[in-house]
Every structure is written in C-alpha cells, then in structure tokens.
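Following: one structure in structure tokens, then a few remarks.
The values are calculated or read from the model by the stated rules, or taken from the named source; none is laboratory data. For clarity, every value in this text was computed on a predicted model and none was experimentally measured. For neighbour counting, all protein chains shown are included, and Cβ atoms are generated from backbone atoms with ideal geometry for every residue, glycine included. With ligands, DNA and RNA removed, areas are computed over all heavy atoms of the protein, side chains included. Shrake-Rupley method; radii C 1.70, N 1.55, O 1.52, S 1.80 Å.
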Number of protein chains: 2
Amino acid sequence: MDIRQLQTLVAVADTGSFSGAAAVVNLTPSAVGQQIQALEAELGVTLFDRRKRPRQLNAKGEELLRAARQVVQTMTEARMAISGGRTAGMLNFGAIRTVSMHLVPQAFAEMRDAYPDLSFDLTVGMSERLMSDVAAGRLDAALVAENVGVPASLSWSPVLTEPLVLIAPRAEAWRSDLSLLTDLPFIRYVTEVPLSRQIETELAALSVSPREIVATNTMPSVIGFVQADLGVAIVPKIALLNAGTGTLHTRPFCEGAITRRVGLVQRQVSSRSEVLARLRQAFFKVAQMHGLGAEEMPVVDSTGG
Amino acid sequence: MDIRQLQTLVAVADTGSFSGAAAVVNLTPSAVGQQIQALEAELGVTLFDRRKRPRQLNAKGEELLRAARQVVQTMTEARMAISGGRTAGMLNFGAIRTVSMHLVPQAFAEMRDAYPDLSFDLTVGMSERLMSDVAAGRLDAALVAENVGVPASLSWSPVLTEPLVLIAPRAEAWRSDLSLLTDLPFIRYVTEVPLSRQIETELAALSVSPREIVATNTMPSVIGFVQADLGVAIVPKIALLNAGTGTLHTRPFCEGAITRRVGLVQRQVSSRSEVLARLRQAFFKVAQMHGLGAEEMPVVDSTGG
DNA sequence: ATGTCAAATGAAGATATTCTTCAGAAAAAT
DNA sequence: ATTTTTCTGAAGAATATCTTCATTTGACAT
C-alpha cells in the first residue's frame, strides 16, 4: 500500500470525484481509478458505493479515509521536519506559570542567535490543558509538570527538577522542619494543579497535619503571606525568583528529596522538532544556571544533514 | 513511499540490522537495503550512519522512524477495523460517574445479543482523565462531557443531552425559580469536574448569587442535603435516577435551556469502530428511554461488507 | 597486523507495478 | 434526445522491486 494511494483517496473524498482528484494529484482519472482499485484489492473490500453516481464512500471507505488523513498528515509533518524543518515563523509555546516568568523568557533569549527568524507566542496555563493543546495542534510544545497522562502521540522529556523548599520568616530560622510545620501556621496553596496535590500528599506521607491559617490560590500571595510573618509554606524553589528572598528563611524540604519534575511535551512527529531540540537544550542551560538542572544534559545529534 | 518501506524501517530499528529486518519482513537483505535506499532517495537525505557497523539511525532517521511507527500503527488498526473489526474480547470503556450507574449498564445489556463474545471493562473517572486514557490507548472509548479539549487523533460525538434541573424540598414547590435560588440556602457541588464549573457559570450569567450553606463534593450527598430540607440545588436530571424523587420537587432549570451534553470519545482510527458505532446507538436508545435523547439518532452505514 | 566472519552493497535479470493513451459505457445535465 | 461529464477497461510503455550471486566493508579475535 503506497502513501500516494492514500493521498489520492483523500483527494477523492475532498473533491467528490475521481477526475477532480486526478487534477489534484496530477494524474489521469484512469490512474486514480486504478489506485482505488488497488486499495480495494489489497484490503479485499469495496470502498465506494458504485451504484450512486457521485461515488460515495461506504463505511469501510470512511474507516480507511480517517486512517489515510492521519497517515498523510504525519508523513507531511515528517517530510517537513526532515527537509530542514520549520525553523522560522511563529512557535506556539505553552508553559506552566512557575516557569513562565524567568526560565522561559531566558531560554527564548538564548534562541535568538541560532534562529533569528523565529518568533514566539507564549501561552500560560495548567499542565493538563497545555498537554491537550499540544495534542490538538494548537501549541507546538509546552513545559508541563510530570505525572499527567501523556497520550501516545506525544512525548514528554524532563527538562528541570525543582526542589520544593520550606519558607518561613527570618526570625523562625532556628526551628526544625517539624517545628516549623507544626508549631507555626501553614499557608496553604489551593488550586487544581498537580503541584498543590503533590504538596498535600507529601505532607500526609510525613504524618504532618499543619495548622492551616490561610489558603490562597496564587504562588506570589503564598510568598507574600510568609513575608508578612503569618506562617510557613512549601513552594517550588523557582517561585522564589520573583520575590526578593531577603526577608525569608529558605531551606530544602525533606533535605531536597521531594522534587517536582517539569518537562517538554511535543508531538512525536513534528515539523518543529529541530527547533524544539535546540530549545530543550536552552532550557537545560538556563535551568542549570538556576541550580535546577535535571539529570543529564541532552545530546543533539547533528549528523545526517 | 510505500508503507512496506516504513515497516521495514521499523523492523531495522527493532532488530538492529538489515539482515535481521529481512527475516522479519520476509525479504532478502538486499531488498531491505534497496528499500532503505529508496526512502533515502525520495527524501534526499541519508537515514543511517554508514561508517559504524551496527548501522545506526541518525537524527533524520529517528525522525522518520517515529513517523513510521505511527503510520504502521494506524494502518494496522485500520486494516483490522476494515476486515471485520474486533467484535470479541474485552472492550475497555470509560464513563463519567453520572452515566455509569444506569445508562452504561443498560446500554451494555443491549449489546449482549448482537455481540455475545464481547465483554466489558468499565472505568469510572473524570472527563479529562478518561479522554487522555482513550488517547493513550488504555481505553477503547469513553462517555465524557462536552467542552473538554479534544485532541486531533480523537473524535467526540454527542450521545445525550442532560437538562440541568432545580431540586427543592416538596414544601417549597410554590416558589419561583428566582425565589428558590435567592430565598433558600443553596447546596453547592464543588469538584474539579466541568459540571460544577458550568453550574457556577450559568448562575453567574443569571446574576444570581445564592446564599451558600453547604458545599459537598458528591452528587448523592447534594441530593441528600436537599432531601433533608436544607436547601435547593442544581443537578443533572440523570443524577435523580438514583434517589427516589418522592420527597423532592423537581423542575427544569431555565425552562430546560441549560443543558449539558455528554458524548462518546474514541480514536479516529480504531479496530473497535464497528462495535463502538453499535454501542453509540445503544446509548441513544437508552438515553431516549430516559428522556435524555440528543438531537438525532445516528445512522449506521452497513454497506460495503 | 591480519585473518575471519557476519553483514551490507552492487549489478543483472526476471517479475510486478503503475502510469498514459485511447476507446467505450454510464450516469447527469441540457 | 443529445450533449457532457465521469468512470472503467485493455494495451503497451515506463518504472519499480524482488532475487541471485558476487564483492566489499567493518568489527572482532587471534
């Protein structure tokens, strides 16, 4: 089965006639008919209702058509990716809020030299939403948290490992972890993102049930409450890049054992894969500058050009 | 470009050698080499690093390999779907909670006659999660709410339209909609599912801000609170099938204008599509028996067998 | 180094496929 | 009824793909 046959099937479905399709794929109508016949012979079924005159796909034909569209789509993407790839134009990128403020802009800046004709559109959202936007093609890629279900058509690869840190007012620096969490009020971060669930889970695992005094749903306000001497909180280290840490006491939570991984999701087959491989490197570099590096630096394979 | 060429590329990647691949695809090593060369010629690039001896894919080769795997996968599915389809064995199905109790079991019962060798595994969850499970292949299909992002590889088609109804204690039946919502306490349904967001939105659109007295996160408990005379609530009509409505006053919310559509998600290309088309019909039938029918009954195209 | 060996490439010929051309049939449009 | 458009079929040319067999290549062990 040749992909060109699938392409002509798509053309037939789109134009509504064999001869129309012939014009689209630059063949004679006869050749189009033969290709369709070849498909029918190979599958052992008829694809068209040949009694009606505007030839109409039957159920099996529709079935094959859906597959054909998908195959043609991925092969077109793959061809583009292989022959140079789209290294210019708008790259639609998504990121979760914590990394959207410093990490992403700095990584984008790193890219300016290598790809001067590339521009960026950044969408901030929650991991699940960003993931489904990538799957649907509305985004080219996104930086999202780990542990969200990844469809088979997407790939997730780690970019940075954020430690979770315990923050408290300066004056309380002398206390132990346990004392901070049980003797001082706890500022809870309540949203629907995986991060807030993860913090809850980790606390429960340590059998710590802190006295809650304030619950808020934005990271800056969590930090603000701690700075205002109202209690302690657990936040990803990167969130502290925004606020001056002068008035805060910061320490790794659970000796840095509790971390949260953030990675790049993209479609398995994407015409942007070259740019994205480069972007991933840039993220690594910037993450390491902030002491958030993941396990190992990715290698770019530049052979076969 | 022939799909067999992509298949041999996959075989080469899997076995690690041309001759190994030759055995897999039932060809001579020479033919395998020629197929790879044909691919390279068509794309105008080299795919393998030919200096090293266990031939290794280069970057472009890996790119094509990902596309090839995807193409082979979808064509295999499509072939199965076309040649009879998998109408026996375990069908992994997902559903949101409200429909999992009556609608789904009844629809499954409808299927027993047509497909006696088919068995069902039902997973209950939230729409987003179910959707990503379908995309990842862990489920064959699922019944989920509308308005969640649908990846391009999936299709969503409506199955039932649930009206949202206002429920109140019997004694308050004389009140107007507005009076019920503003003069009586409101039992809020707070979860992360789209339904609870939708209810909030609709209330806000009507400029109604009810006095909240209780917030709870399960549908049976919402109904329980109303039955206990604590206030009014807004729930999908289908949720009332569980509880006896004897003690409740029920009326359409906004004259039935506010509805919530539930539909079937499945992969665009699936070897189960025949069974799923039939199942969708069964859902329609059962939904109409409960007065929840969507716009129109789907037509099954049974030609071309 | 050098020989050995499995594996990949290359050339040649047989086979199969896929295209175009042209003629005929069949449905739609005038 | 006639024209027009659209599809099918046969024949032959052009192309592609397979197998066979000889040759070359690179890895590995001696």
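Looking at B:E110, is it charged (D, E, K, R) and at pLDDT below 90?
Details: charged (D, E, K, R): yes; at pLDDT below 90: no.
Spelling it out, it is not the case that B:E110 is charged (D, E, K, R) and at pLDDT below 90.
Does at least one position in the stretch B:13-31 carry a residue that is touching a Leu at 6+ places or on another chain (Cβ under 7 Å) and closer than 18 Å to B:Q70 by Cα? Steps first, please.
From the stretch B:13-31, those touching a Leu at 6+ places or on another chain (Cβ under 7 Å) are B:13; that's our starting set.
Restricting the remaining residues to those that are closer than 18 Å to B:Q70 by Cα gives B:13.
There is at least one residue in the stretch B:13-31 that is touching a Leu at 6+ places or on another chain (Cβ under 7 Å) and closer than 18 Å to B:Q70 by Cα.
Among the listed residues B:E146, B:E128, identify the single one that is away from chain A (no Cβ under 13 Å) and more than 17 Å from B:L6 (Cβ to Cβ).
Working: B:E128 fails: away from chain A (no Cβ under 13 Å).
From the options B:E146, B:E128, the qualifying one is B:E146.
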* To do: Look at A:I3 and say whether it is at pLDDT 90 or above, within 12 Å of chain B (Cβ to nearest Cβ), at negative phi and within 12 Å of DNA strand C (Cβ to nearest atom).
  => yes
* For the stretch B:66-75, state whether one or more residues are more than 30 Å from B:G44 (Cβ to Cβ) and charged (D, E, K, R). => no
* To do: Just name the residue that is least open to solvent (accessible area, probe 1.4 Å) out of those in the stretch A:48-59 that are within 15 Å of DNA strand C (Cβ to nearest atom) and not acidic (D, E).
  => A:F48
* To do: Being away from chain B (no Cβ under 14 Å) and over 16 Å from A:A68 (Cα atoms) is the filter here, so list the residues in the stretch A:32-56 that pass it.
  => A:G33, A:Q34, A:R53, A:P54
* To do: Answer with yes or no whether B:Q5 is open to solvent by 10 Å² or more (accessible area, probe 1.4 Å), under 28 Å from B:S273 (Cβ atoms) and within 14 Å of DNA strand D (Cβ to nearest atom).
  => yes
* Asked: So which residues in the stretch B:28-72 are in a loop (DSSP other than H, G, I, E, B), within 9 Å of DNA strand D (Cβ to nearest atom) and touching a helix residue (DSSP H, G or I) at 6+ places or on another chain (Cβ under 9 Å)?
  -> B:T28
* Asked: Just to be sure, is A:T98 of a type outside the set (A, V, I, L, M) and at pLDDT below 90?
  -> yes
* Filter pass, B:E63 being at the interface with chain A (Cβ under 9 Å from one of its Cβ atoms) and either over 29 Å from the mean Cα position of the chain (by Cα) or within 15 Å of DNA strand C (Cβ to nearest atom) (or both) -> yes
* Asked: Just one of A:T216, A:T247 is in contact (Cβ under 8 Å) with a residue 40 or more places away in the chain, of a type in the set (S, T, N, Q) and over 30 Å from B:R66 (Cβ atoms); which is it?
  -> A:T247
* Consider B:T87 against the criteria (1) under 30 Å from A:Q70 (Cα atoms); (2) more than 12 Å from every other protein chain (Cβ to nearest Cβ); (3) touching a Leu at 6+ places or on another chain (Cβ under 6 Å): it satisfies all of them except one. Which criterion is unmet? -> (3)
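If a residue counts only when it is open to solvent by 20 Å² or more (accessible area, probe 1.4 Å), over 20 Å from B:R261 (Cα atoms) and not assigned by TED's automatic domain parsing to the domain that holds B:L279, which helices (runs of 4 or more DSSP H) contained entirely in the stretch B:158-248 have at least 3 such residues?
Values: elements: B:177-183, B:194-205, B:219-227.
Those helices (runs of 4 or more DSSP H) span B:177-183, B:219-227.
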